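Single-structure report; data block below.
Just so it is clear, none of the values below were taken in a lab; they were calculated from the coordinates. Source: prediction; values computed, not measured. Neighbour counts are summed over all protein chains in view; Cβ atoms, including those assigned to glycine, are modelled from backbone coordinates with ideal geometry.
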Amino acid sequence: MNLLRVLCVENHPQYMGALKEMLEAAGYEVMAATTGLEAVRLLATAHIDGVLLEYDLPDATGSSIRAEMKHVRPDVPILLFTGVGNQTPFLLRFFDAHLRHCERPQAVLEEA
């Protein structure tokens, strides 16, 4: 079975650990980046199926990094987020549904 690979971009180690744990529990292979520059470089050189991108990074805003990423790989879905909290499990379920069913949107509706 091939795991889907997600690039997780978060500069706070405690949040990265929590995100990585949740994504791996959902069956993803996780690549981690702590800066926008590192994330763009990984996206350009590795097979990535989706990106979780923290908005507030030390070297740039998430929106500017997202624009750069879309220039490099316009086909890869990117979910911008701010911080980890009560909303995080919902965001990850949304992201998971999109990655696993993006070619079959009706399947997501039928599972609900």
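Tabulated data for the structure shown
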| item | result |
| --- | --- |
| 14 Å beta-carbon shell around A18, net charge (K/R +1, D/E -1) | -3 |
| Ascending count of other beta-carbon atoms within 10 Å, so fewest first, for E24, E38, E10 | E24, E38, E10 |
| Neighbour net charge for H47 - beta-carbon separation under 13 angstrom, K R +1, D E -1 | -1 |
| Structure-derived volume of the Cα convex hull per residue in Å³ - corresponding label in [x] 89; [y] 118; [z] 102 | [z] |
| Of the DSSP H helices in the chain, those whose Cα atoms cover at least 20 Å axially and whose Kyte score averages 0.5 or more | none |
| Taking V51, V76, V40 and counting other C-beta atoms within 10 Å, the order from fewest to most | V76, V40, V51 |
| Residue order, fewest to most beta carbons within 10 Å, for T61, T45 | T45, T61 |
| For the range 5-111, share of DSSP beta bridges that run antiparallel, in % to the nearest 5 | 5 percent |
